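Since the structure comes first, as structure tokens, the remarks are kept for the end.
The values are calculated or read from the model by the stated rules, or taken from the named source; none is laboratory data. Every value quoted in this text rests on a predicted model; they were computed, and no experiment measured them. Backbone-built Cβ (ideal geometry, glycine too); neighbour counts: all protein chains shown. These area figures cover heavy atoms from the full protein model, side chains too; ligands, DNA and RNA do not enter into them. Shrake-Rupley method; radii C 1.70, N 1.55, O 1.52, S 1.80 Å.
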Amino acid sequence: MENRKFNEEKKQKFQTIYATIKEKAGQLSAGQIIGLGFLVIILIGTLLLMTPVASRDGNWTGFLDALFTATSATCVTGLVVVDTYTHWSIAGQVLILILIQIGGLGFMSLGMMLISGIRKNVGLKGKSVLVESINGFQIGGIIKFVKKMVLGTFLVEGIGAVILSIRFSFDMNIGEAIYNGIFHSISAFCNAGFDLMGKYEPYSSLVRYSSDWIVNITVILLVIIGGIGFIVWEDVLKNRHHFQKYRLHTKIVLVTTAVLTIGGAILFGIFEYHNLGEGMGIGERILTSLFDAVTPRTAGFNTTDIGQQTNSSKLLSVIFMFIGGSPGSTAGGIKTTTFVVFLFYMRGIFLKTRGSSVFRRRLSDEALKKASALACTNLTLALTATLVICGVQNIELADVLLETFSAISTVGMSAGITRDLVPVCRVTLIILMYCGRVGSLSFLLSFTDKKKISPIQFPEERILIG
């Protein structure tokens, strides 16, 4: 009788706790749910990576190293403090890959797929959070869109895995080749930049394959497809080659991606012609230049030694990392659309036109405000982190800038200084990676969503600008 009474009290207590948690969760904004969700995933990943089963030598991994790796994987960045192949066991590598996939697709997308598959009903709050997490346009049809997105992701990753597995089979046994093919395909599509080439040389990324057309083109295509965004996929598949029928968003993304890729390849080829390109054949020069133009936006792989690049190339990489990929994709940065909004707004000022227009469509003032706030937020975070790291450690400024912009834009490119950073500098990068993946502006705005706007406005007064 006493046991039964105890069990009922225990059950009631759990129900009360559950109801309280559910009530509190209902009060959270979409940005807060996304931010909290990623934080929980990172902490779970950290605890699992710390365990002996996750390390190759069977020893416990330090909390900060595990936290840095879990954050980098979940935020699809690719910065590492320990070599992925030499430090982590197969179990640890698989866990990292799972974190990359969750981070790339977004935990909300996978969660809603699971919920809709079980009970076929997702509430309005869940759909609104889902739209926020993937930068969607509207709530209507969002579940159907996410299902297409997830299936499309697995299809593209699968094709990439098959191609890479076949190529790697010439260098490894078939089982290892398949495993490497799957790992690098997911890492490339999710723009994560994690690799297993440490088996040949630690921290070497894809340098071994700098002249290999199959590996380079496959990885480049995976990065670009993953970085243009799921909304662009749907638009292109729906309207095929009819460019005029595309959304304005799709037109901007495709044209900007093409210009940055081709223009970047030409500039990297010029900057590295008498440096890293010295002694290379014409084919390898083209491949490395093209790869250097694609990977800063925001893949993180490299086929040349980033630390040995010219300062011009490093600065160009920083600019490309700051721009990043496109909204609603696996990429980071301020995004191509933000960059274009800035360019055309400046064009409108110079030509003294009324408003700014692209492809015969006017850009809203709201888009400009959001673009300005996003760019300034990311720039402020990156430069503040640069000051912190330079103030704590005596490291070359160009290398620190590359590191901080790589973190805030979730790129993963590094001049090789990540593993030499002291704890406070590593924590700084962890914060940047988290803000970059969650969305620095969206996350900060989420704390002011419910604040009342005062109807009172102060008198206007002009100031001098410029």
* Structure fact -> The long-range amide H neighbours of SER356, using H built 1.01 Å from N in the peptide plane and a cut-off of under 5 Å, are LEU363
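Around VAL400, under 12 Å between beta carbons, what's the net of Lys plus Arg minus Asp minus Glu among the other residues?
On the way: positive: LYS314; negative: GLU396, ASP399, GLU403, ASP420.
That sum, taken over residues with Cβ under 12 Å, equals -3.
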* Asked: What net charge is computed for the residues neighbouring ALA299, neighbours being all others with C-beta under 12 Å from the C-beta of ALA299, Lys and Arg scored +1, Asp and Glu -1?
  -> -1
* In square angstrom, rounded to the nearest 10, how much accessible surface does SER364 have for a 1.4 Å probe? -> 60
* **Karplus (6.51, -1.76, 1.60) ³J(HN,Hα), θ = phi - 60°, over region 164-179, in Hz, Gly and Pro reported as x** => 5, 4, 4, 5, 5, 5, 7, 10, 9, 6, 4, x, 5, 5, 5, 4
* To do: Would you mind working out the accessible area per residue for region 192-269, using a 1.4 Å probe, and quoting it in Å²?
  => 44
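Ranked by accessible surface with a 1.4 Å probe, highest first, in what order do GLU272, GLU201 come?
Numbers: GLU272 10, GLU201 115 Å².
From most exposed to least exposed: GLU201, GLU272.
Ignoring ligands, DNA and RNA, what percent of the accessible area of region 151-296 is carbon or sulfur (1.4 Å)?
Details: 4470 of 6410 Å².
Answer for region 151-296 is 70 percent, counting heavy atoms of protein chains only.
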* To do: Please give the per residue accessible area of region 339-438, computed with a probe of 1.4 Å over protein heavy atoms only, in Å².
  => 53
* Local net charge near ILE178, Cβ-Cβ under 14 Å (Lys/Arg +1, Asp/Glu -1) -> -2
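A 24 angstrom limit on the alpha carbon distance is what I want to check against. Which of LYS144/LYS245; LYS251/LYS335; LYS144/LYS238; LYS147/LYS238; LYS251/LYS369; LYS245/LYS369 exceed it? Numbers along the way, then the final one.
On the way: LYS144/LYS245 22 Å; LYS251/LYS335 14 Å; LYS144/LYS238 15 Å; LYS147/LYS238 16 Å; LYS251/LYS369 21 Å; LYS245/LYS369 27 Å.
Listed pairs above 24 Å: LYS245/LYS369.
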